[in-house]
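K.L.:
Supplied in structure tokens, the structure appears directly below.
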Amino acid sequence: MRVYIGSDHRGFSLKNKLVSDLAMRKDISDSPLEVIDLGPKTLDPSDDYNDSAIAVSKAILNSETHPCLGILICGSAIGISIQANRFKGIRAAVCTDMETAESSRFHNNANILCLSADYLARAKDPLENEKTYEDIFAIVEKFLSTPFSNEERHLRRIKRLDKEV
């Protein structure tokens, strides 16, 4: 499986850690994992999330390697998901836990996982436990390892996503 990954400046550190750790994990999916880092390669505080979302979306749509998925990371995960979802055939899902990661793949055949660099690693309520990097990596693993159900009702709904409204 090929995985394209990109971020903006706020997701830069998390992206680099995931690229490194995913490259060492060959057991996440049924096929060997090939991680393609689409940048940024250097930290630029003035970069735009749009650039990485466009690069990862186009890479997935133009890839001759299947299966292929993407991971995008920005501060909130919202802007990067909105940009990615502008492309016909892209289903970018903001996931905050293993359940949403699994559901996004199993029910919606999401092909890009969008992660929040700012909010996943800190709890809103100071009494709650913060998500650790291990928790974030578990979300990524769940997304990458969950197959699409191929159920007729889900296929029908996904087909409608790319129709003009």
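The values are calculated or read from the model by the stated rules, or taken from the named source; none is laboratory data. Given the structure is predicted, the values throughout are model-derived calculations rather than measurements. We place every Cβ from the backbone using ideal geometry, glycine too, and count neighbours over all the protein chains shown.
K.L.:
Just one of the numbered conditions (1) part of a helix (DSSP H, G or I); (2) more than 17 Å from F143 (Cβ to Cβ); (3) not charged (D, E, K, R) is not true of V56; which one?
P.N.:
Of everything listed in (1) part of a helix (DSSP H, G or I); (2) more than 17 Å from F143 (Cβ to Cβ); (3) not charged (D, E, K, R), V56 misses just condition (2).
K.L.:
Given the criterion of a type in the set (D, E, K, R), closer than 17 Å to V3 by Cα and either surrounded by fewer than 20 Cβ atoms within 10 Å (Cβ to Cβ) or at pLDDT 95 or above (or both), identify the matching residue among R91, R157, R153, R122.
P.N.:
On the way: R157 fails: closer than 17 Å to V3 by Cα; R153 fails: closer than 17 Å to V3 by Cα; R122 fails: closer than 17 Å to V3 by Cα.
The unique qualifying residue is R91.
K.L.:
Let me spell it out: the conditions are (1) within 23 Å of H107 (Cβ to Cβ); (2) assigned to a loop (DSSP other than H, G, I, E, B); (3) touching a helix residue (DSSP H, G or I) at 6+ places or on another chain (Cβ under 7 Å), and D47 meets all of them except one. Which number is the exception?
P.N.:
So the condition that D47 fails would be (1).
K.L.:
Something else: Consider only pairs whose beta carbons are under 9 Å apart and that are at least six residues apart or on different chains; among these, list those whose first residue lies in the stretch 142-165 and is closer than 21 Å to K88 by Cβ and whose second residue is outside any loop (DSSP other than H, G, I, E, B).
P.N.:
Between residues of the stretch 142-165 that are closer than 21 Å to K88 by Cβ and residues that are outside any loop (DSSP other than H, G, I, E, B), the close pairs are F148/R105; F148/F106; F148/H154; F148/L155; F148/I158; H154/F106.
K.L.:
If only one of A55, A101, A77 is crowded, with 22+ Cβ neighbours inside 10 Å, at pLDDT 95 or above and touching a Leu at 6+ places or on another chain (Cβ under 6 Å), which one is it? First the steps, then the outcome.
P.N.:
Details: A55 fails: crowded, with 22+ Cβ neighbours inside 10 Å; A101 fails: touching a Leu at 6+ places or on another chain (Cβ under 6 Å).
On inspection, the qualifying residue turns out to be A77.
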